[in-house]
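Take a look at the structure set out below.
The values are calculated or read from the model by the stated rules, or taken from the named source; none is laboratory data. Just so it is clear, the structure is predicted and the values come from calculations on it, not from any experiment. Don't worry about glycine lacking a Cβ; one is built from the backbone with ideal geometry, like all the others, and counts go over all protein chains shown.
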Amino acid sequence: MSSSHAEILEPEHWDEQYEGSEKLPWETGRPAEELCRVVAERRIRPCRALELGCGTGLNAIWLASHGFAVTGLDLSGAAIRRAFRRAAWTGMQVEFRVADLTNPPTLEGPFDFIVDCGCYSALRLADPDGYFQTLERYTRPGTVGLVLVGNDQEPEEEDGPPVMSEKDVRREFGRLFDVDEIRPFRFDAPTPFAKQFLGWSCFIRRAI
């Protein structure tokens, strides 16, 4: 683990942000538009889905509303408490767990669809090997996934996701997955006039 990015694996670091009063740049109040697009265009049928870094549950709850059996993991207990409240308010059944994504508790896998809307961009700075060990443990050959990461074709900014090159995406995910498609897109913004940061939308399929 990189000592300069150790806070990424500290629950307190994320709890402070979710408990703060300011609007978080990744909290938009709606499911990710790119996730909705991919599920529709790829015609992904309801299945067992795992969201890594689920935050307050917007994507997981949207998937559940479309028939998916969803487990959402996040390091922040504050985020998961908000996710439980949101699920209860909507009436959706989602299994939310407070978990270190590099060493999660035992889950009932494997999963058929994985979702990561920005988590890996940060987590790779601290423990990429642990992240892929989790994916290897809880997916199977044929599992598909959507991973959204920062895109180095625009300069990295403090409020935006850490950026990656297309080459690094293919190399790092290629250890376990085929990258079926990688395309530039814009992350959703929390307000109409906030910046939409450039990202890579990566559709992956487990090969081995």
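Taking the range 140-160, which residues are closer than 25 Å to A49 by Cα and either basic (K, R) or at pLDDT below 95 (or both)? R140 - this is the single residue of the range 140-160 that is closer than 25 Å to A49 by Cα and either basic (K, R) or at pLDDT below 95 (or both).
Under the condition of being in contact with an Asp or Glu (Cβ under 8 Å, 6 or more places away or on another chain) and of a type outside the set (D, E, K, R), the residues counted in the range 115-129 number 3.
Can you tell me which residue is nearest to H13 (Cα to Cα) among those in the range 39-57 that are touching a residue at least 24 places away in the same chain (Cβ under 8 Å) and surrounded by fewer than 21 Cβ atoms within 10 Å (Cβ to Cβ)?
Across the range 39-57, the extreme among qualifying residues is R48.
Whether a residue is modelled with pLDDT of 95 or more, within 24 Å of E10 (Cβ to Cβ) and either hydrophobic (A, V, I, L, M, F, W, C) or out of contact with any Gly (no Cβ under 7 Å at 6 or more places or on another chain) (or both) was assessed, and V70 does not pass this test.
When residues in the range 70-90 are screened for being more than 12 Å from Y18 (Cα to Cα) and crowded, with 17+ Cβ neighbours inside 10 Å, 6 of them pass.
Considering only residues that are in contact with a Gly (Cβ under 9 Å, 6 or more places away or on another chain) and at pLDDT 95 or above, which ones fall in the range 174-192?
Once the filter is applied, which keeps residues that are in contact with a Gly (Cβ under 9 Å, 6 or more places away or on another chain) and at pLDDT 95 or above, the range 174-192 yields F177, P184, F185, R186, F187.
Enumerate the helices (runs of 4 or more DSSP H) found wholly within the range 38-138, keeping only those where 2 or more residues are over 23 Å from F177 (Cα atoms) and under 17 Å from the mean Cα position of the chain (by Cα).
Result: 58-65, 77-90.
Restricting to the range 77-96, give me the number of residues that are touching a Gly at 6+ places or on another chain (Cβ under 8 Å) and in contact (Cβ under 8 Å) with a residue 60 or more places away in the chain. Total meeting the criteria: 2.
Screening R171 with (1) assigned to a helix (DSSP H, G or I); (2) surrounded by 15 or more Cβ atoms within 10 Å (Cβ to Cβ) gives one miss only, at (2). Cβ separations smaller than 7 Å between residues 6+ apart or across chains give the following pairs from the range 163-181 residues that are farther than 19 Å from D129 by Cβ to residues that are hydrophobic (A, V, I, L, M, F, W, C) and exposed (fewer than 14 other Cβ atoms within 10 Å of the Cβ): D178/A207.
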